[in-house]
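Each reported figure results from applying straightforward, stated rules to the coordinates on display, with no laboratory input. Fair warning: this is a prediction, and the values are worked out from it, not measured in the lab. Note: ideal-geometry Cβ built from the backbone for every residue, glycine included; neighbour counts use all protein chains shown.
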Amino acid sequence: MTPVADLTDPVPGGRPGDVERATALTGELSGKGVHGIVLSYVDTAGVGRVKTIPTAKLASAAAWGVGMSPVFDTFLANDSIVSTDVLGSPDGDLRLYPDLGRLVVLAGQPGWAWAPVDRITQEGERHPGCTRTFLRTLVAEAERRHGITFQAAVEIEWAVGQGPAAAGEFVPAVSGPAYGAIRQVELSDCTADLLAALAAQDVDVDQLHPEYAAGQFEISVGALDPVAAADRSVLVRQTIRAVAQRHGFVVSFAPAVLAQGVGNGGHLHLSAWRDGTNLHSGGAGRYGMTPEAESFAAGILRRLPALTALTAPSPASYLRLKPSQWAGVFTAWGRERREAAVRIVTGTLGLRDQAANLEVKPVDLAANPYLALGGVIAAGLDGIASAAGLPEESAGDPARLTMEEAKARDVRRLPTSLTEAVTEFRADDVLRDALGPVLADAVVAVREGEVAAVDGWDPERIAAAYRWKY
Ligand code: GLU
Ligand code: MG
């Protein structure tokens, strides 16, 4: 069964049918030896935060939620706290509601199940700082108003280190070459357990392979609706970490595990659909794109400088976002062009109507996946609404374009620092409106807090500070 996210808001007393469903699930889970449930969400800074409950409390959580302070909306990755006009106060409480349809038994953590949560107020209102609610609402509105649905997936790259890490250092657990057969053998038992765990959790894995950087691996998974895809990205990372730990390894999803060299990306794959038809295939535009798909891509491209505040939210993100490392640091697009920020994937002949999509590369795994996907979708939808024109394609490395060529294609270098990204985001009304004032202010305050936290630090110190946070 394909997992789908529940797009309805939680309500006090429980969403219709949820309490009965939770009661039935409790028996099932207990029978499987599940003692506790991890209730998971991601904060504005991109750090995964949780509460856990014993299995017996699931029905109560489905009805009334579980309490948690809203202060985490303005937490930084180092656990210090900033504030906005409305967020960051020690006062108040929110209710965390599990999405029961997304609950899974964690194969890598015996005794535990996991579910993503939405957060509402004690008065039963949407919490404007809840990033899952933001994405859920955006996706539901896109379907209701424009008849457009989406399929999305987040690629995950990570570095495997020898554990326990001495003094926060990273010592690669494998030494074989990039994409190397040796490296695959070196981590054979751990990756086999990972595949088994993900299969048991209904995650359809497309590929798992040794990547380029020291100790680096990558996994790609099947596409789902955007909310479920964001949930899945959190779940897959939890599973990778848990399985690695059982093998005595530590893992880092940080954008830059080391200050120099290739980092960990979290590329987004996204396609827009209408009435079951993929808008990125079979159209009269370039590479079979429909005019709407071209405008969707154009909308994303023109907002990428501002979007980096959502997709590359850490000071460490800018150690990764460098030219010629396949991280896509120019507002360029192209078919299967790995230095372009937006890569058009047509899929192979015979599969195109299903497989065609676009890939957004300047995204890392410090990004809150709900915010990153929501921001990119909002930018794309604005592109469709304004019939944005897609400029000419860029071939090769955009770093090599002459000034005139770059200008003709609207190719800009993306922000080279988090400070620049925040400046772009502040000036972008479309993105700020999409997020709403509370969430947009939280993004700005948290990013500025991260910038201040590393003021004057050299790249090595920045990489070390964020190495084990994501
Ligand atoms: N590691 C690269 C990045 O930081 C991506 C490599 C790839 O294309 O898979 O985005
Ligand atoms: Mg990769």
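Here Ala192 and Gln162 are evaluated by their C-beta separation; at R0 = 25 Å the FRET efficiency comes out at 0.80. Look at where the Cα atoms of the stretch 379-400 and of the stretch 40-85 average out, and the two centres are 37 Å apart.
Sites counted here are trypsin sites (Lys or Arg not before Pro) in a DSSP loop (not H, G, I, E or B) having no more than 15 other Cβ atoms within 10 Å; the longest part of the chain that contains none of them is 33-337. Compactness ratio for the stretch 66-197: Cα radius of gyration over 2.2 N^0.38 Å (N = residue count) comes to 1.45. The separation of the stretch 438-457 from the stretch 151-198, counted between C-alpha centres, amounts to 31 Å.
Computed over the stretch 1-149, relative contact order equals 25 percent, with contacts defined as Cα pairs under 8 Å that lie 6+ residues apart. Across all directions, the average flat footprint of the convex hull enclosing the Cα atoms of the stretch 133-172 is 4.8 nm². Distance from the C-alpha centroid of the stretch 112-130 to that of the stretch 251-293: 28 Å, rounded to the whole angstrom. By the Stokes-Einstein formula, at 1.306 mPa s and 10 °C, the stretch 276-330 with its Kirkwood radius over alpha-carbon pairs has D equal to 122 µm²/s. Which residue, chosen from Ser80, Ala298, Gly248, occupies the Cα position most advanced towards the positive end of the dipole of the chain, where the dipole is computed from +1 (Lys, Arg) and -1 (Asp, Glu) charges on Cβ about the Cα centre? Projecting each Cα onto the dipole axis, the largest value belongs to Gly248. Taken about its Cα centre, the stretch 153-262 carries a charge dipole of roughly 300 debye when the Cβ of each Lys and Arg holds +1 and the Cβ of each Asp and Glu holds -1.
To two decimal places, what compactness ratio does the stretch 390-470 give when its Cα radius of gyration is scaled by 2.2 N^0.38 Å?
Compactness ratio reported: 1.43.
With only Cα atoms counted, the stretch 1-158 has Rg and Dmax values of 16.2, 47 Å.
For the stretch 52-130, the Cα-based Rg and Dmax, in that order, read 14.2, 42 Å. Divide the volume of the convex hull of the Cα atoms of the stretch 1-93 by its number of residues and quote the answer in cubic angstrom per residue. It is 139 Å³ per residue. Across the chain, Cα-Cα pairs more than 37 Å apart make up 22 percent of the total. Largest first, the three principal axis extents of the alpha carbons in the stretch 313-425 are 43, 36, 29 Å in whole numbers. If the cut-off is a Cα-Cα distance under 19 Å, which lysines reach Lys57, setting aside same-chain residues fewer than 8 apart in sequence? Partners found: Lys32.
Which whole-number percentage describes the relative contact order of the stretch 1-52, with Cα contacts under 8 Å and a sequence gap of 6 or more?
After rounding, I find 19 percent.
Largest first, the three principal axis extents of the alpha carbons in the stretch 179-310 are 51, 36, 27 Å in whole numbers.
Give the order of Glu336, Glu294 when sorted by the count of other beta carbons within 10 angstrom, beginning with the fewest.
Fewest-to-most ranking of Glu336, Glu294: Glu336, Glu294.
In terms of its Cα atoms, the stretch 365-424 spans 36, 30, 22 Å along the principal axes, sorted from long to short.
Within the straight-line cut-off of under 27 Å between alpha carbons, the lysines reachable from Lys469 are Lys51, Lys322, Lys361, sequence neighbours fewer than 8 places apart in one chain being disregarded. Its Cα gyration tensor gives the stretch 231-368 an equivalent ellipsoid. The semi-axes, each the square root of 5 times an eigenvalue, are 29, 19, 13 Å from largest down. As a length-normalised measure over Cα pairs under 8 Å and 6 or more apart, the relative contact order of the chain settles at 17 percent.
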